[in-house]
Amino acid sequence: MENLNPIITYFITHGVPIDTVVLLLMLPIVVTVIAFFRQVIGIKAFGIYTPSIVTFAFLATKIKYGVVIFIVVILVGMLMRYVLKTLRILYLPRVAITLSVVAFSILILLSIGGSMHRTGLAAVSIFPILIMITIVEKFVTTQIEKGNKAALILALETLIISVVGYFIASWPLLIATLISAPWIVLATIPINIGLGKFDGLRLTEYLRFRNLLKNL
């Protein structure tokens, strides 16, 4: 690659793959975007960690296959909630059964992709799949604590933020900028400090209370 920063060159010459360097430099930017969505826009999602790892899972699976796997994971998790509800078993065994069924469901999905000659889907690496399967525990916990509607909303918000994160993390111009000037990731620190001091209404709150605000 051209225009490599000396720091990037140092990492590469010491055996660190360029893709790993780029992904690690991209992480502060992705989590800052997620923090902006949460603090300013008001989209909550499943925290900040889950959308960030789903973003990188999408980078590994490609977005169209990643979204399909994500949706299957959520739908199967929701279905198992109803199936296991009648058994009245404890939380951890319930999650273990749900994860097992989700794993089999993904295996069936991959085999269907292979039979339809969707080689990209059939050849998806196991690690991004495992990452997205772990979302089930977050989803089940939210179902138990807040109900199905809240869990589905958070899952949808997580998907939206992760898709945005994917397009940011795969943006060629941003990648080229990072390998030529990696120090720009330091700008995320003051940005996050500013986000941490933000105490105004979020955009979703403005929309929610717009009628009340008009009367003020």
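The values are calculated or read from the model by the stated rules, or taken from the named source; none is laboratory data. In this text, all values refer to a predicted model and were calculated from it rather than measured experimentally. Note: ideal-geometry Cβ built from the backbone for every residue, glycine included; neighbour counts use all protein chains shown. Accessible surface areas use protein heavy atoms only, side chains included; no ligands, DNA or RNA. Shrake-Rupley method; radii C 1.70, N 1.55, O 1.52, S 1.80 Å.
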Treating only the Cβ atoms of Lys and Arg (+1) and Asp and Glu (-1) as charged, compute the dipole magnitude of the stretch 71-196 about its Cα centre; round to the nearest 20 debye. 420 debye
Of all the accessible heavy-atom surface of the chain, with the other protein chains kept in place and a 1.4 Å probe, what percent is carbon and sulfur? 70 percent
Taking each pair of distinct Cα atoms in the stretch 17-64 once, what is the resulting Kirkwood hydrodynamic radius in Å? 11.4 Å
So, with +1 on the Cβ of K and R and -1 on the Cβ of D and E, and no other charges, what is the size of the charge dipole of the stretch 32-126 about its Cα centre, to the nearest 20 debye? 220 debye
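Between residue 160 and residue 85, what's the calculated FRET efficiency when r is the beta-carbon distance and R0 is 22 Å? Round to 0.05. Walk me through the intermediate numbers first.
Details: r = 28 Å, r/R0 = 1.28.
E between residue 160 and residue 85, to the nearest 0.05, is 0.20.
For residue 174 and residue 104, FRET efficiency with R0 = 35 Å and r from the beta-carbon atoms, rounded to 0.05? Could the numbers behind the result be given before it?
Numbers: r = 38 Å, r/R0 = 1.08.
My answer for the efficiency is 0.40.
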Pairwise label distance in nanometres, residue 184 with residue 44, each label 7 Å out on the Cα-Cβ vector: 3.4 nm
May I ask you to list, by number, the DSSP H helices of the chain whose Cα span along the axis is at least 20 Å and whose average Kyte-Doolittle hydropathy reaches -0.5 or more? 18-36, 63-85, 91-115, 148-169
Using just the helices of the chain, give the 222 nm mean residue ellipticity in deg cm²/dmol: DSSP H runs with n ≥ 4 each add -39,500 (n - 2.57), and the total is spread over all residues, rounded to 500. -23500 deg cm²/dmol
Could you check the simple spin-label distance between residue 203 and residue 4, using points 7 Å along Cα→Cβ, in nm with one decimal? 3.8 nm
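Output the relative contact order of the stretch 1-141, whole-number percent, from Cα pairs under 8 angstrom with separation of 6+ residues. Please list the in-between numbers first.
Details: 95 pairs, mean separation 37.8, N = 141.
Dividing the mean separation by the residue count of the stretch 1-141 yields 27 percent.
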